[in-house]
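Nothing in this text is a laboratory measurement; each read-out follows from the coordinates by a stated rule. Computed from a predicted model, the values in this text were never measured in an experiment. For neighbour counting, all protein chains shown are included, and Cβ atoms are generated from backbone atoms with ideal geometry for every residue, glycine included.
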Amino acid sequence: MTARFDFSKMAPDAFAAVLALDTYVREGSGLDHRLVHLIKIRASQINGCAYCVDMHVKEARKDGLGEQWINLICVWQESPVFDARERAVLAWTEALTNIAQTRAPDADFEPLRAFFSDAEITRLSVAIGTINIWNRLAVGFRSQHAVDAAEKAA
């Protein structure tokens, strides 16, 4: 696969706007960083964004999250690694990422209320929307992740 073009250079104003939203999610939203990692990794998996999966898995490792926890995000419904709060966020992430199919059902929304205020649910939803924007840009323009030296074929 070949990158189509570097969208950050073609429309730096648009890139800056999305980056500002991402900065808010990471630094200004007050969201638990563990939950932000869950959102970014799971939405990127669903959207098939190798660039973002690679980036966010590496960030999660750097922030001290365990290999098993990271590896099982894609199969969270079958794993006891995730607590009820994380499961609520993962279900909502899937519902909003696949909104054309799910229509954001009450069954995925209501569990959030046990753990989060309406303001926090709004911030979680903004985080989900933000990674979905990045995924659409990276997948749409075929952004390429770096291949780690250890992973290159001999």
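Quick notes on this one:
- Local net charge near A100, Cβ-Cβ under 14 Å (Lys/Arg +1, Asp/Glu -1): +1
- Segment R4..A84, full-extension length gain: 24.7 nm, with 0.36 nm per residue of separation and the alpha-carbon distance subtracted.
- Note on R136 and E27: their simple-model spin labels are 2.5 nm apart, each label 7 Å out from Cα toward Cβ.
- For the range 115-123, Karplus couplings with θ = phi - 60° (6.51, -1.76, 1.60), whole Hz, Gly/Pro x: 10, 9, 6, 4, 5, 5, 5, 4, 5
- Using the Cβ of D63 as centre and a radius below 12 Å, the other residues enclosed give a net charge of +4, where K and R count +1 and D and E count -1.
- For the chain, the 222 nm mean residue ellipticity estimated from helices alone, with every DSSP H stretch of n ≥ 4 adding -39500 (n - 2.57) and the total spread over all residues, rounds to -18000 deg cm²/dmol.
- Note, ³J(HN,Hα) from phi for the range 49-59, Karplus 6.51, -1.76, 1.60, rounded to Hz, x at Gly and Pro: 9, 4, 4, 6, 4, 4, 4, 6, 5, 5, 5
- Trypsin sites (Lys or Arg not before Pro) lying in DSSP loop within the range 92-130, provided at most 11 other Cβ fall within 10 Å: R103
- Rounded Å value of the spacing that divides the Cα centres of the range 1-15 and the range 122-154: 13 Å
- With a cut-off of 15 Å between beta carbons, the residues surrounding L31 carry a summed charge of -2, where Lys and Arg count +1 and Asp and Glu -1.
- Applying a 4.7 Å Cβ-Cβ cutoff to the chain, the cysteines left without a disulfide-compatible partner are C74.
- Furthest towards positive pole of dipole, F116, W92, A138, structure part the range 84-154, Cβ charges: A138
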